[in-house]
Amino acid sequence: MQHIERCLFWRGELKRADLIEEFGINPIQAAKDFKAYMERFPNAMEYRKSLKRYVPLPHFKPSLISPTSIDDFSHMASKSVPLATWPLPARVAAPSVLQVMVSATRERQDVEVRYQSMTGEQSKWRWLAPHAFASDDERWHVRAYCHIRNDFRDFVLGRIIETRGTRDSKVSSSADHDWNTMVDVLIMPNPSLEPGQRQAIAAEYRMPPDRMELILKVRKSMVFYLKAKFDGEPTGNPAAQQLFVTVLG
């Protein structure tokens, strides 16, 4: 039934083949599914004989799905609506490294890794005590205690070149203050933008129109990535810095 609504909402039409191809069912079952949906939601769709397919009725609103972005539509091919994505290089980590890091986190072990830092010329071996994973929406990091730096830090999984040993860890994740501390982060359109521009930015990020701001609860260790993504260095051009990110308290 959710797939029926996705087709109605995004494609504006639906036929038996949409269910048959999606779920591998026979035409009789597809007909039963259509009947069941129309009995439950009689004001959602109708069969248009001239088109030989179902179409949404006027004022149709989905009841079982909550479309939020064009990303939902990108998974539904439509010949009448061209769609393209930018081919970007994928940031990946070796499966063998992932398996070891996940296992060490689960078993509360230290793991020796060869890591390529961006602050040094050559990769070096170091012992890490991993305890969590986090994503900045572009790449995955492992949150771990570094026995070289004697501190908790983020390590990009794709920069762990190899691993070579584990041992029981004496490090407790409860000591990672920045990971365990939640902070409120205020996000708002750049005040230097024109009023209309600020309203457009607020609407784009679903900010309340009366306040044009959002307050997100974020782990303190992730604030750096949030600011890097949305609140870069001032350029003097408000359009190039559309959002302000401020830690409250």
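Looking at the stretch 23-34, is at least one residue in a strand (DSSP E or B) and either surrounded by 12 or more Cβ atoms within 10 Å (Cβ to Cβ) or in contact with a strand residue (DSSP E or B) (Cβ under 8 Å, 6 or more places away or on another chain) (or both)? The answer is no; no qualifying residue exists. Only one of the numbered conditions (1) more than 17 Å from W179 (Cβ to Cβ); (2) open to solvent by 20 Å² or more (accessible area, probe 1.4 Å) is not met by H131, and that is (1). List every residue pair whose Cβ atoms lie under 7 Å apart, where the two residues are 6 or more positions apart in sequence or sit on different chains, the first residue falls within the stretch 81-95 and is under 20 Å from F9 (Cα atoms) and outside the structural domain of I160 (by the TED database), and the second residue, located anywhere, is outside any loop (DSSP other than H, G, I, E, B) and not acidic (D, E). Filtered contacts from the stretch 81-95: L83/S74. When P189 is tested against (1) surrounded by 14 or more Cβ atoms within 10 Å (Cβ to Cβ); (2) free of Cβ contacts under 8 Å to residues at least 24 places away in the same chain, exactly one condition is not met: (2). In this structure, does P67 turn out to be within 30 Å of Y205 (Cα to Cα), modelled with pLDDT of 90 or more and open to solvent by less than 70 Å² (accessible area, probe 1.4 Å)? So P67 fails the test.
Let's see how each residue does on (1) over 30 Å from Q122 (Cα atoms); (2) in contact with a strand residue (DSSP E or B) (Cβ under 7 Å, 6 or more places away or on another chain); (3) of a type outside the set (D, E); (4) assigned by the TED database to the domain that holds W127:
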site: S172; (1), (2), (3), (4): no, no, yes, yes
site: N190; (1), (2), (3), (4): yes, yes, yes, no
site: Q199; (1), (2), (3), (4): yes, no, yes, no
site: Y205; (1), (2), (3), (4): yes, yes, yes, no
site: D210; (1), (2), (3), (4): yes, no, no, no
site: L216; (1), (2), (3), (4): yes, yes, yes, no
site: F224; (1), (2), (3), (4): no, no, yes, no
site: P238; (1), (2), (3), (4): yes, no, yes, no
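Could you list all residues from the stretch 203-227 that are touching a residue at least 40 places away in the same chain (Cβ under 8 Å) and either open to solvent by 70 Å² or more (accessible area, probe 1.4 Å) or at positive phi (or both)?
Step one: of the stretch 203-227, the residues touching a residue at least 40 places away in the same chain (Cβ under 8 Å) are 219-223, 225-226.
R219, K220, listed by residue number.
I'm trying to understand the selection: among the residues of the stretch 100-146, which are acidic (D, E) and under 13 Å from G158 (Cβ atoms)? Even if it seems obvious, please write down each step before you answer.
Taking the stretch 100-146 and keeping what is acidic (D, E), we get 107, 110, 112, 121, 136-138.
Of everything in the stretch 100-146, those that are acidic (D, E) and under 13 Å from G158 (Cβ atoms) turn out to be D136, E138.
Among the residues of the stretch 163-186, those identified as surrounded by 17 or more Cβ atoms within 10 Å (Cβ to Cβ) and touching a residue at least 60 places away in the same chain (Cβ under 8 Å) are T163, S169, V171, V185. Residues that are touching a residue at least 12 places away in the same chain (Cβ under 8 Å) and more than 28 Å from the chain's Cα centre (by Cα) were ranked within the stretch 144-162; the one that is surrounded by the most Cβ atoms within 10 Å (Cβ to Cβ) is H147.
Can you say whether T119 is outside the structural domain of F41 (by the TED database), over 16 Å from C7 (Cα atoms), open to solvent by 60 Å² or more (accessible area, probe 1.4 Å) and touching a helix residue (DSSP H, G or I) at 6+ places or on another chain (Cβ under 8 Å), as far as the supplied structure shows? Taking the combined requirement at face value, the residue does not satisfy it.
Picking from residues in the stretch 6-22 that are in contact (Cβ under 8 Å) with a residue 60 or more places away in the chain and over 14 Å from R53 (Cα atoms), the one that is surrounded by the most Cβ atoms within 10 Å (Cβ to Cβ) is R6.
The values are calculated or read from the model by the stated rules, or taken from the named source; none is laboratory data. Please read these numbers as outputs of a predicted model, since none were measured by experiment. Cβ: placed from backbone, ideal geometry, glycine included. Neighbour counts: every protein chain shown. Note: accessible area is taken over every heavy atom of the protein model, side chains too, but ligands, DNA and RNA are not part of it. Shrake-Rupley method; radii C 1.70, N 1.55, O 1.52, S 1.80 Å.
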